[in-house]
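Comments concern the structure below.
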Amino acid sequence: QVQPVESGGGWVQPGGSLRLSCAASGIESRFYTMSWYRQAPGAQRELVGTITSGDKTYYTDPVKGRCTISRDNAQNTVYLQMDSLKPEDTAVYYCFIPRLNTWGQGTQVTVSS
């Protein structure tokens, strides 16, 4: 059974950085497009960015220039590096595999002073 597992969330002050990880057991994630979503309290889940199976990356406007998605194929892991974090980045961050319609359990990111 395919199960993406996120980690790396936590509390950080505004302007800080975090790196989230998504380890996908049951597949070789390098062959799959992988996406990061987030859901803030009271809001709908929204796309953060995507890395395709060809390693092209796309980001939505709220995070463009502040986030980088990458892969470590040896670790079968996809990363979301987030810099210059803002309080409005506070959310639960999810890893999603579109081809398999499979979500991870999420990891909480809190940005506050």
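Each Lys or Arg adds one and each Asp or Glu takes one away; over the other residues whose Cβ falls under 12 Å from the Cβ of VAL12, this sums to 0. For THR102, the residues whose modelled amide H falls within less than 5 Å of its own, excluding neighbours fewer than 5 places apart on the same chain, are ILE97.
With Rh defined as the Kirkwood radius, the inverse of the mean 1/r over Cα pairs, the Rg/Rh of segment 55-99 is 0.97. For the chain, a Gaussian network of Cα nodes joined below 10 Å ranks ALA40, ALA24, ALA91 by mean-square fluctuation, and the top entry is ALA40. Please report, as a whole percent, how much of the solvent-accessible surface of segment 38-113 comes from carbon and sulfur atoms (probe radius 1.4 Å). The computed percentage sits at 46. Loop only by DSSP, 11 or fewer other Cβ within 10 Å of the Cβ. Give me the trypsin sites (Lys or Arg not before Pro) in segment 1-59 that pass, ordered by residue number. Filter output for segment 1-59: LYS56. Normalised by the number of residues in the chain, the average gap of Cα pairs under 8 Å and 6 or more apart makes the relative contact order 37 percent. If the rule is a partner Cβ under 4.7 Å, which cysteines in the chain fail it? Cysteines of the chain left without a disulfide-compatible partner: CYS67. Across segment 17-59, Cα-Cα distances exceeding 15 Å account for 54% of all pairs. Amide H contacts under 5 Å for VAL5: ALA23, ALA24, SER25, restricted to partners 5 or more places along the chain or on a different chain, H placed in the peptide plane at 1.01 Å from N. Compactness of the chain was expressed as the Cα radius of gyration divided by 2.2 N^0.38 Å, which yields 0.99.
What residue among THR60, THR68, THR90 shows peak mean-square fluctuation when the chain is described by a Gaussian network model with Cα springs under 10 Å? Highest fluctuation among the options: THR60.
Taken per residue, the accessible surface of the chain reaches 52 Å², heavy atoms only and a 1.4 Å probe.
Charge tally around VAL111: other residues with Cβ under 15 Å, Lys/Arg +1 each, Asp/Glu -1 each, net +1.
The values are calculated or read from the model by the stated rules, or taken from the named source; none is laboratory data. Quantities reported herein were computed from a predicted structural model and do not represent experimental measurements. Note: ideal-geometry Cβ built from the backbone for every residue, glycine included; neighbour counts use all protein chains shown. The protein model used for the area step is the full one, side chains on, heavy atoms only, and it has no ligands, DNA or RNA in it. Shrake-Rupley method; radii C 1.70, N 1.55, O 1.52, S 1.80 Å.
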